[in-house]
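All remarks here apply to the structure that follows.
The values are calculated or read from the model by the stated rules, or taken from the named source; none is laboratory data. Because the structure is predicted, anything quoted here is derived from the model rather than measured. Virtual Cβ from ideal backbone geometry, glycine too; neighbours counted across all protein chains shown. Quick note on the areas: whole protein, heavy atoms, side chains included, nothing else; ligands and nucleic acids left out. Shrake-Rupley method; radii C 1.70, N 1.55, O 1.52, S 1.80 Å.
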Amino acid sequence: MTTQGKLYVVGFGPGDFKHITTRAVEALQDSDFIIGYKTYVELIQDLITNETSVISTGMTEEVSRAQEAVRQAEAGKKVAVISSGDAGVYGMAGLVYEVLIEKGWTEANGVPVEIIPGISAINSCGSLLGAPIMHDSCTISLSDHLTPWDLIAKRVEAAAIADFVIALYNPRSGRRTRQIVEAQRILLQYRSPETPVGLVKSAYRDRQHIIITNLEEMLDHDIGMLTTVIIGNSATFLYDNKMITPRGYQRKYTLNSEKQALKPHQRLREEAEPWAMDQMTGVQRVQSSVNEKIEKDEKHQIVENIRPQSPKVSSYNMAMEALKRVTGKQPKTTNYVYQDFEEIFELAVSPGVANKKFTPEQMLTLAMVVGEKGTMEYTPNHQIVLKIPTSNPDAITAKLNGVGFLLSPIGDVLTLKACDFCDGEKTGGIPYAEEIQEKLGGLQLPKELTIGFNGCGMACYKAVTEDIGIIYRKGKFDLFLGAKPVGRTAHAGQPVAEGIEPDKIVDVITKIIQEYKQNAHPNERLFKYFKRVKQIQGYVYKDIAPKINIEPAPCGD
Ligand code: SAH
């Protein structure tokens with residue numbers, strides 16, 4: 001037997017020349033024979049040189065195609081077996097290996113085989129819909145020619161339960177019309193009827209057609225042999241007619257509606273990511289405590305003690321446990337519509353700008369809205385930060401507003417931290433503090449920023465150490481900029497202006513904030529911005545930082 005031949009198994013991508021890999025083109029041009037389904041051979045016709053022989057066969061003749069390819073390669077020819085998309089995804093690659101194995105082929109003794117990857121329909125169709133895949137996903141072929149329908153139905157159900165994004169290949173043909181109807185019925189038991197669904201026909205080919213619809217209405221549209229159906233997961237949403245699946249499940253809601261990614265030090269805290277494996281008290285904990293105890297050499301007795309309580313570890317149990325944790329509800333195995341998706345709603349509350357006193361009614365309301373699953377945390381900004389798992393943040397804000405709380409978003413926002421104006425006795429500055437809060441409080445900024453606002457020259461609430469310090473004194477305002485509020489080289493701000501007239505102060509602060517918001521780099525704190533640009537709204541920077549050399553400490557060290 002000669003082994004000079006070569007067997008290429010080529011995935012040529014969705015069907016246009018821009019999305020075929022260079023290696024695939026090289027292989028086609030290097031081949032003496034190209035073997036494939038006739039529609040596909042036609043698609044790549046222009047890449048084939050004249051000397052190449054083409055063997056095109058019908059759709060159902062896959063086995064004979066693979067056998068012919070192996071025969072020709074063993075006879076010393078270079079042969080390319082072609083599949084659309086990727087040859088390893090419902091393509092020819094597995095079949096070619098099966099034929100080779102039947103003949104006792106091994107890599108060492110048989111013809112060289114090279115499998116050349118291509119862009120599969122899940123990727124090409126996904127790209128045309130926006131970013132629907134993004135997260136954990138799966139492909140399921142609805143063709144029951146080679147796979148029993150019961151097994152396909154089980155896979156659809158399992159994928160639905162586990163909240164995978166699902167790409168359905170071979171959804172319907174002339175004769176196979178019921179499978180997609182049945183698949184939709186199964187999916188609707190676990191996913192909302194509004195779940196976004198994309199239908200892409202002939203991606204990157206002449207008759208490309210894209211439809212964005214939802215799970216309930218998907219069958220009202222044309223679905224055929226050349227369509228891939230992409231079903232979103234419970235977090236997939238539509239934006240500007242694009243289907244987008246976010247990267248994770250955390251934090252859908254914040255007060256100012258902009259998404260706030262978890263900061264690195266917030267990750268894997270139980271309240272932030274309650275579903276993480278290390279936080280779970282169920283399956284994994286029991287399993288690891290078994291391992292630890294076994295290490296302590298008390299194997300038999302301990303394992304016997306634990307075994308009766310340990311839950312049955314199966315992938316199904318784990319999927320159900322995960323579902324329970326993200327929804328907060330016990331999932332039902334049937335008739336469960338996955339709709340009310342709970343996410344962690346975060347906000348900060350305080351009794352008011354100057355008022356530091358909570359009423360009993362406010363405390364009771366706090367306890368009620370936070371419930372057993374939420375958290376309340378007191379912070380250095382005179383605010384209590386709430387983190388509450390909920391699918392209805394509006395109901396929470398309505399209750400908190402109802403008892404007179406001042407609500408603020410958290411994250412990289414502007415916070416006004418006023419003093420108590422000597423328990424309300426030195427009232428002169430209060431209206432200005434309230435106006436600043438009204439106008440700028442909660443504004444999204446490149447980095448968190450606190451304005452300290454003190455009502456007399458004592459400045460006992462330490463306004464001068466905040467990013468911006470405002471002190472009301474003798475009917476006018478003193479302004480401090482450039483403080484470094486945190487760190488071991490923390491220092492007060494420099495006094496940049498004295499005696500600002502009351503009718504000017506809100507405008508001065510607004511302009512400083514506008515300039516900083518527009519021009520600062522992301523994450524650049526105000527003092528750093530001031531130091532870099534040397535002048536803010538005419539106030540000139542002076543280097544007043546203490547001259548000591550201390551390595552900056554990462555948070556938490
Ligand atoms: N090997 C191919 C899949 C072959 S199965 C791949 O990796 O993409 C055939 C199914 O693939 C079709 O029924 C359709 O669901 C999907 N498909 C293949 N090419 C497609 C294209 N250009 N546009 C949309 N769907 C496509």
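Table for the structure above
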| item | result |
| --- | --- |
| Given (1) open to solvent by 30 Å² or more (accessible area, probe 1.4 Å); (2) in contact with a Phe, Trp or Tyr (Cβ under 8 Å, 6 or more places away or on another chain), index of the condition residue 436 fails | (1) |
| Some residue of the range 478-486 being in contact with a helix residue (DSSP H, G or I) (Cβ under 9 Å, 6 or more places away or on another chain), open to solvent by 20 Å² or more (accessible area, probe 1.4 Å) and either in a loop (DSSP other than H, G, I, E, B) or at pLDDT below 95 (or both) | yes |
| Residue satisfying condition, being more than 13 Å from the ligand (Cβ to nearest atom), at pLDDT below 95 and under 28 Å from the mean Cα position of the chain (by Cα), within set 184, 189 | 189 |
| Where a residue in the range 521-546 is open to solvent by 90 Å² or more (accessible area, probe 1.4 Å) and its partner, wherever it lies, is not in a loop (DSSP other than H, G, I, E, B), with Cβ under 7 Å and at least six apart | 534/540; 542/494 |
| Residue in the range 128-140 that is within 16 Å of the ligand (Cβ to nearest atom), assigned to a helix (DSSP H, G or I), under 30 Å from residue 240 (Cα atoms) and touching a residue at least 60 places away in the same chain (Cβ under 8 Å) present | yes |
| Complete set of residues in the range 147-186 that are farther than 21 Å from residue 222 by Cα and part of a loop (DSSP other than H, G, I, E, B) | 147, 148, 162, 163, 164 |
| Residues (open to solvent by less than 40 Å² (accessible area, probe 1.4 Å) and of a type in the set (A, V, I, L, M)) located in the range 439-463 | 440, 445, 449, 451, 459, 463 |
| Subset tally (residues that are open to solvent by less than 50 Å² (accessible area, probe 1.4 Å) and within 13 Å of the ligand (Cβ to nearest atom)) for the range 145-171 | 6 |
| Residue match in the range 119-137 (condition: over 26 Å from the mean Cα position of the chain (by Cα) and open to solvent by less than 20 Å² (accessible area, probe 1.4 Å)) | no |
| Helices (runs of 4 or more DSSP H) enclosed by the range 2-97 - at least 1 residues per element that are more than 16 Å from the ligand (Cβ to nearest atom) and modelled with pLDDT of 90 or more | 22-30, 62-74 |
